[in-house]
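Colleague: Okay, here's the structure, questions in a sec.
The values are calculated or read from the model by the stated rules, or taken from the named source; none is laboratory data. Note that the structure is a prediction, hence the values are computed from the model and not measured. In this analysis, Cβ positions are derived from the backbone assuming ideal geometry, glycine residues included, and neighbour counts consider all displayed protein chains.
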Amino acid sequence: MGADIRFPNLGITLEHVGKTISIGGFSIAYYGMIIAFGMVAGFLMASWEAKRLNQNGEMILDLALWDIIFAVISARLYYVLFSWEYYSQNLIEIFNIRGGGMAIYGGIIGGVITTFVFARIRKLSFYELLDIACTGLLIGQIFGRWGNFFNREAFGGYTNNLFAMQIRRSDVRAGDVTKELLSHIVTLDGVEYIQVHPTFLYESLWNIVVLLIILWHTKKRRFQGELFLMYLCGYGLGRLWIEGLRTDQLKIFGTQIPVSQLLSGILCLGSFGILLYQWWKGKKRKAEKA
């Protein structure tokens, strides 16, 4: 009885939204399938962007293979590190990524380090590779957030706005359900629903805008690394707002400060400051030559 997911203010009811699919007797999580699809789509986007920047598209395949491996490991380690209170008591769960638990900032850190090493070994421009990779990263994030949709995770607190989403209380982790959500429980056909901000949707749409701006600006790029700085600034700005809505925030040890929100603010301000400085330097050089 009852639908799985509802968007009451949009008039959308999704009656059957599973978390897994069975193929040949094997259960495969939609989360993993979507993440894998996002990785492939991200690679194709980065290859296309490499050609737009007159770089070797085939080289991107080599970089993507290494970046994906270490980004996934880093994304999981980041999540586990800031959820250590739980994982220290459930060590075996560290290796269970089928149910989610990947932090994008961990993946970005791992990817940047891997790209730096790759650039040094291949004697390539580190900043040029970052400019190429950020478009693929955005595509991966745009699709990847829909894995959170199927997992019923990474949602926000109570809202009754146009995009309000209702999901079965029994389908979500108890720790992600706040007192505010419990005070607005909706019961339909004998099924309890929590009504939340679909933050996965907000972030996916926000990333589409950031991607379009970067693609539009590619041919106007003034220095290597500019596109990646624009990514950090744009994504950081959106995440700063969206992270504040979420109920599953990873906190800095011993505080109530959301680590991803703090990091978003630092990256946004820092990258914006560097962009302004580089643009000022460019204008100054032009003025001196005039």
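Colleague: Taking LYS284 as meeting all but one of (1) surrounded by 12 or more Cβ atoms within 10 Å (Cβ to Cβ); (2) at pLDDT below 95, write down the number of the exception.
Modeller: (1)
Colleague: Which of the numbered conditions does GLY101 fail, given that it passes all the others? Conditions: (1) in contact with a Phe, Trp or Tyr (Cβ under 6 Å, 6 or more places away or on another chain); (2) in a helix (DSSP H, G or I).
Modeller: (2)
Colleague: While we're looking at this one, here's another question. Just the residues that are surrounded by fewer than 21 Cβ atoms within 10 Å (Cβ to Cβ) and aromatic (Phe, Trp, Tyr), please, taken from region 151-179.
Modeller: Of everything in region 151-179, those that are surrounded by fewer than 21 Cβ atoms within 10 Å (Cβ to Cβ) and aromatic (Phe, Trp, Tyr) turn out to be TYR158, PHE163.
Colleague: Can I ask one more? Restricting attention to region 164-173, which residues are in a loop (DSSP other than H, G, I, E, B) and either more than 23 Å from the chain's Cα centre (by Cα) or within 19 Å of THR13 (Cβ to Cβ) (or both)?
Modeller: ALA164, VAL172
Colleague: Further question: Looking at ILE167, ILE185, ILE194, ILE142, which one is closer than 21 Å to ALA41 by Cα and not polar (S, T, N, Q)?
Modeller: Within the list ILE167, ILE185, ILE194, ILE142, the selection yields ILE142.
Colleague: If you don't mind, another one. Between a first residue in region 70-86 that is touching a residue at least 24 places away in the same chain (Cβ under 8 Å) and a second residue that is basic (Lys, Arg) and part of a loop (DSSP other than H, G, I, E, B), which pairs have beta carbons less than 9 Å apart while being 6 or more apart in sequence or on different chains?
Modeller: none
Colleague: Hey, could you check region 244-263 for residues that are in contact (Cβ under 8 Å) with a residue 40 or more places away in the chain and not in a loop (DSSP other than H, G, I, E, B) and say which is nearest to GLN195 (Cα to Cα)?
Modeller: Within region 244-263, the match that is nearest to GLN195 (Cα to Cα) is ARG246.
Colleague: Moving on to the next point. Return the residues of region 174-193 that are in contact (Cβ under 8 Å) with a residue 24 or more places away in the chain and assigned to a loop (DSSP other than H, G, I, E, B); say none if nothing qualifies.
Modeller: VAL177, THR178, HIS184, ASP189, GLY190
Colleague: Same structure again: Does GLY111 meet the test of being assigned to a helix (DSSP H, G or I), within 23 Å of ARG221 (Cβ to Cβ), in contact (Cβ under 8 Å) with a residue 40 or more places away in the chain and not charged (D, E, K, R)?
Modeller: yes
Colleague: Name the residues in region 119-142 that are crowded, with 20+ Cβ neighbours inside 10 Å and not β-branched (Val, Ile, Thr), would you?
Modeller: Across region 119-142, the qualifying residues are LEU129, LEU130, ASP131, ALA133, CYS134, GLY136, LEU137, LEU138, GLY140, GLN141.
Colleague: Further question: What residue, of LEU227, LEU211, LEU188, is out of contact with any Phe, Trp or Tyr (no Cβ under 8 Å at 6 or more places or on another chain) and either basic (Lys, Arg) or within 25 Å of LYS19 (Cβ to Cβ) (or both)?
Modeller: Answer to the selection: LEU188.
Colleague: Next question. Please verify whether region 198-215 includes one or more residues that are surrounded by fewer than 20 Cβ atoms within 10 Å (Cβ to Cβ), hydroxyl-bearing (Ser, Thr, Tyr), in contact with a helix residue (DSSP H, G or I) (Cβ under 9 Å, 6 or more places away or on another chain) and free of Cβ contacts under 8 Å to residues at least 60 places away in the same chain.
Modeller: There is at least one residue in region 198-215 that is surrounded by fewer than 20 Cβ atoms within 10 Å (Cβ to Cβ), hydroxyl-bearing (Ser, Thr, Tyr), in contact with a helix residue (DSSP H, G or I) (Cβ under 9 Å, 6 or more places away or on another chain) and free of Cβ contacts under 8 Å to residues at least 60 places away in the same chain.
Colleague: Which residue, of LEU53, LEU65, is free of Cβ contacts under 8 Å to residues at least 60 places away in the same chain, of a type in the set (A, V, I, L, M) and either surrounded by fewer than 20 Cβ atoms within 10 Å (Cβ to Cβ) or within 30 Å of THR187 (Cα to Cα) (or both)?
Modeller: LEU65
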